[in-house]
Amino acid sequence: MAQIRKTIDSLLDNLNPRQKEVIAGRFGLQNQEPQTLAAIGEKYKLTRERIRQIENASLGILKTKITQNPECQGILQKGKKYLQASGGLVKEDILLSQLNSVADGLNRNHLNFLIETSGEFFFHGEDKEFWPFYFLNKETMGEAVKFINQFSKFLKPKRELALAGKFDELFSEFKDSEKTKEAYAKNYLGVSKKVHTNPFGDTGLAEWPEIKPANIRDRIYLVLKKSNEPLHFETITQKINETSFNRKVALSPTVHNELIKDKRFVLVGRGIYGLAERGYRPGTVQEVIRRILKENGPMKTKDISLALSRERIIKPNTILVNLQNRRFFERLENGAYRIRED
């Protein structure tokens, strides 16, 4: 197996000292981050344009040397074949892992130096839409971008199905309709930031708050959505921090404040909140009892308690105390209660 550092050093030995410094600096070949033209120019008191000229001349020399170097060709040809077998595009870490079997110690800087010089394939750095990846040519990249965009449009109206665990079925349906090989389709989605998997294992569009919550309210919502029952605000805070949405630690007072302000969340007990979409409705205990009686007519205590238990976590004595308020409720001869009418 080739030692990539020795291979790179042998290539740079074909350059004069200044050329060697420029290329090593531009590509980060000596265990440093790649440097800009301006940074290197400042070091040598030369203009950016002059550094660019030195770089271009050096790459011209190195291109011939890389073509003649068996270790370099082994790396480039294996990379090219893997890309061809993967639909012409693959995430950076996957290709680097594959190529480490032929070049010990190979990293992004080494490979980007080789492909920039040889032109065998290309690199796309991380941006708002993509993770860093390698691709064969503009045509294969165009196919991948088209697939990603069309799949996003296909998935957008199917949000509930995807969130109900049907993402894999929807993905399979779409890639079959596009006559795209599964391995290719997975590589396409693998480089895109439009599709994301949340800490609970749900996959969907990153723009959906259930998939990639953008703020503390969305994280609260997702924790409650995944719970089968209402939770105390301190428990919600704990689950947010355990789930590790990001490195920022959630604080109980902040969570409580957001629960109070957002209509998606309903207070159902002392510090306990549930989701409005699950049938919980806002209001004091008295207001909820009045609504239940208005909707159902006179009811006995046990039936009121049963109906109230679907919306509130509350002690029986609290229900009795509220029912005994004669300003709002009237007890009938059969023991049932109704709303007092003025």
Exercise. Look through Ile23, Ile66, Ile75, Ile8 and report the one residue that is among the β-branched types (Val, Ile, Thr), under 30 Å from Lys146 (Cβ atoms) and surrounded by 16 or more Cβ atoms within 10 Å (Cβ to Cβ).
Key: Ile75
Quiz item: Are any residues in region 273-302 of a type in the set (A, V, I, L, M), without any contact (Cβ under 8 Å) to a residue 40 or more places away in the chain and closer than 16 Å to Glu341 by Cα, and if so, which ones?
Solution: Ile292, Met299
Self-check item: Pick from region 224-254, criterion within 19 Å of Ile211 (Cβ to Cβ) and small (Gly, Ala, Ser), ranking: farthest from the chain's Cα centre (by Cα)
Solution: Ser227
Exercise. Could you grab me the full set of residues in region 295-313 that are assigned to a loop (DSSP other than H, G, I, E, B) and more than 44 Å from the chain's Cα centre (by Cα)?
Key: Gly297, Pro298, Lys300
Quiz item: Filter region 199-230 for residues that are crowded, with 21+ Cβ neighbours inside 10 Å and touching a Gly at 6+ places or on another chain (Cβ under 8 Å); which is nearest to Lys128 (Cα to Cα)?
Solution: Ile211
Quiz item: Any chance region 157-167 includes a residue that's modelled with pLDDT of 95 or more, more than 16 Å from the chain's Cα centre (by Cα) and among the small types (Gly, Ala, Ser)?
Solution: no
Practice problem: Quick one: count up the residues across region 302-319 that are modelled with pLDDT under 90 and hydroxyl-bearing (Ser, Thr, Tyr). | Solution: 2
Self-check item: Members of region 258-288 found to be among the aliphatic types (A, V, I, L, M) and touching a Gly at 6+ places or on another chain (Cβ under 6 Å), listed by number
Solution: Val266, Val268
Quiz item: Is it fair to say Val268 is within 27 Å of Gly335 (Cα to Cα), among the aliphatic types (A, V, I, L, M) and touching a residue at least 24 places away in the same chain (Cβ under 8 Å)?
Solution: yes
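Quick grid of which residues meet (1) in contact with a helix residue (DSSP H, G or I) (Cβ under 7 Å, 6 or more places away or on another chain); (2) in the same structural domain as Gly74 (by TED's automatic domain parsing); (3) assigned to a helix (DSSP H, G or I):
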residue: Lys6; (1), (2), (3): no, yes, yes
residue: Leu15; (1), (2), (3): yes, yes, no
residue: Leu29; (1), (2), (3): yes, yes, no
residue: Gln35; (1), (2), (3): yes, yes, no
residue: Leu46; (1), (2), (3): no, yes, no
residue: Ser58; (1), (2), (3): yes, yes, yes
Exercise. Would you check if Lys193 is closer than 18 Å to Asn246 by Cα and of a type in the set (Lys, Arg)?
Key: yes
Exercise. Give the residues of region 314-329 that are surrounded by 15 or more Cβ atoms within 10 Å (Cβ to Cβ) and either touching a strand residue (DSSP E or B) at 6+ places or on another chain (Cβ under 6 Å) or part of a loop (DSSP other than H, G, I, E, B) (or both), sorted by residue number.
Key: Ile314, Leu323, Phe328, Phe329
Practice problem: Have a look at Ala57, Ala39 and point out the one that is in contact (Cβ under 8 Å) with a residue 12 or more places away in the chain, surrounded by fewer than 17 Cβ atoms within 10 Å (Cβ to Cβ) and farther than 26 Å from Leu136 by Cα. | Solution: Ala39
Quiz item: Out of the residues in region 122-179 that are polar (S, T, N, Q) and surrounded by fewer than 18 Cβ atoms within 10 Å (Cβ to Cβ), which is nearest to Leu96 (Cα to Cα)?
Solution: Asn137
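The values are calculated or read from the model by the stated rules, or taken from the named source; none is laboratory data. Predicted, not measured: the structure shown is a model, and the values here were computed from it. All Cβ positions, even for glycine, are placed from backbone atoms using ideal geometry, and neighbour counts span all protein chains on display.
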